[in-house]
Amino acid sequence: MQRLKSYASYKASQFTESVIREMSRIAAKHGAINLAQGFPDFPAPDAIKEAAVKAIYGDENQYAITWGTKGCCLSATVIIFICLRCLISSSSHTAQIK
(Lines give C-alpha, C1' and ligand atoms only; values in the text may rest on other atoms or scores of the structure.)
Protein backbone atom coordinates (compact mmCIF):
# COMPACT_ATOMS: atom_id res chain seq x y z
CA MET A 1 0.00 0.00 0.00
CA GLN A 2 2.80 2.42 0.83
CA ARG A 3 4.32 1.99 -2.62
CA LEU A 4 1.02 2.87 -4.30
CA LYS A 5 0.65 5.97 -2.16
CA SER A 6 3.92 7.33 -3.50
CA TYR A 7 2.34 7.44 -6.98
CA ALA A 8 -0.93 8.98 -5.83
CA SER A 9 -1.63 12.66 -5.42
CA TYR A 10 -1.80 14.00 -1.88
CA LYS A 11 -5.60 14.17 -2.09
CA ALA A 12 -5.93 10.62 -3.40
CA SER A 13 -3.55 9.30 -0.73
CA GLN A 14 -5.94 10.62 1.95
CA PHE A 15 -8.82 8.40 0.85
CA THR A 16 -9.83 5.77 3.35
CA GLU A 17 -11.57 2.47 2.93
CA SER A 18 -15.30 2.62 2.20
CA VAL A 19 -17.93 2.42 4.92
CA ILE A 20 -19.35 -0.64 3.15
CA ARG A 21 -16.05 -2.52 3.57
CA GLU A 22 -15.88 -1.47 7.20
CA MET A 23 -19.45 -2.69 7.83
CA SER A 24 -18.59 -5.99 6.12
CA ARG A 25 -15.60 -6.44 8.42
CA ILE A 26 -17.69 -5.63 11.51
CA ALA A 27 -20.43 -8.05 10.43
CA ALA A 28 -17.86 -10.83 9.97
CA LYS A 29 -16.29 -10.07 13.35
CA HIS A 30 -19.64 -10.40 15.14
CA GLY A 31 -21.11 -13.22 13.05
CA ALA A 32 -23.87 -10.92 11.81
CA ILE A 33 -25.72 -11.17 8.51
CA ASN A 34 -23.91 -8.78 6.18
CA LEU A 35 -26.27 -6.68 4.10
CA ALA A 36 -23.59 -4.15 3.14
CA GLN A 37 -22.26 -5.74 -0.07
CA GLY A 38 -25.15 -7.66 -1.50
CA PHE A 39 -25.01 -10.35 1.14
CA PRO A 40 -26.38 -12.56 2.68
CA ASP A 41 -24.82 -15.30 0.63
CA PHE A 42 -27.77 -17.67 0.86
CA PRO A 43 -31.01 -17.82 -1.17
CA ALA A 44 -33.64 -15.23 -0.30
CA PRO A 45 -37.04 -16.55 0.80
CA ASP A 46 -39.76 -16.46 -1.85
CA ALA A 47 -41.69 -13.80 0.10
CA ILE A 48 -38.68 -11.46 -0.12
CA LYS A 49 -38.31 -12.10 -3.86
CA GLU A 50 -42.03 -11.45 -4.40
CA ALA A 51 -41.84 -8.20 -2.40
CA ALA A 52 -38.88 -7.09 -4.51
CA VAL A 53 -40.76 -7.77 -7.75
CA LYS A 54 -43.81 -5.90 -6.40
CA ALA A 55 -41.61 -2.92 -5.47
CA ILE A 56 -40.00 -2.89 -8.92
CA TYR A 57 -43.36 -2.95 -10.72
CA GLY A 58 -44.63 -0.29 -8.30
CA ASP A 59 -41.72 1.95 -9.32
CA GLU A 60 -40.36 1.95 -5.78
CA ASN A 61 -36.81 2.15 -7.07
CA GLN A 62 -35.11 5.02 -5.29
CA TYR A 63 -32.71 4.78 -2.38
CA ALA A 64 -34.37 5.54 0.90
CA ILE A 65 -33.05 8.19 3.24
CA THR A 66 -30.14 6.91 5.34
CA TRP A 67 -32.22 5.44 8.15
CA GLY A 68 -34.79 3.83 5.80
CA THR A 69 -38.34 4.37 4.64
CA LYS A 70 -41.03 5.21 7.16
CA GLY A 71 -42.71 1.82 6.73
CA CYS A 72 -39.42 -0.03 7.16
CA CYS A 73 -38.55 1.95 10.28
CA LEU A 74 -41.97 1.34 11.81
CA SER A 75 -41.79 -2.39 11.06
CA ALA A 76 -38.32 -2.62 12.56
CA THR A 77 -39.54 -0.74 15.63
CA VAL A 78 -42.34 -3.25 16.19
CA ILE A 79 -40.09 -6.27 15.67
CA ILE A 80 -37.41 -4.91 18.00
CA PHE A 81 -39.99 -4.14 20.67
CA ILE A 82 -41.53 -7.62 20.44
CA CYS A 83 -38.18 -9.40 20.49
CA LEU A 84 -36.15 -7.22 22.83
CA ARG A 85 -38.74 -5.17 24.73
CA CYS A 86 -36.80 -2.13 23.57
CA LEU A 87 -38.94 0.80 22.43
CA ILE A 88 -37.37 2.77 19.60
CA SER A 89 -38.61 6.07 18.28
CA SER A 90 -38.51 5.72 14.51
CA SER A 91 -38.62 9.50 14.15
CA SER A 92 -35.95 10.53 16.69
CA HIS A 93 -33.82 7.36 16.44
CA THR A 94 -33.68 6.87 20.21
CA ALA A 95 -34.29 3.75 22.28
CA GLN A 96 -35.68 2.91 25.71
CA ILE A 97 -35.73 -0.48 27.43
CA LYS A 98 -39.25 -1.28 28.65
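The values are calculated or read from the model by the stated rules, or taken from the named source; none is laboratory data. Computed from a predicted structure; not experimentally measured. We place every Cβ from the backbone using ideal geometry, glycine too, and count neighbours over all the protein chains shown.
Of all residues in the stretch 19-36, those satisfying the criterion of being out of contact with any helix residue (DSSP H, G or I) (no Cβ under 9 Å at 6 or more places or on another chain) and surrounded by 14 or more Cβ atoms within 10 Å (Cβ to Cβ) are MET23, SER24, ALA27.
When you check SER90 against the structure, is it surrounded by 10 or more Cβ atoms within 10 Å (Cβ to Cβ) and at pLDDT 70 or above, yes or no? In short, no.
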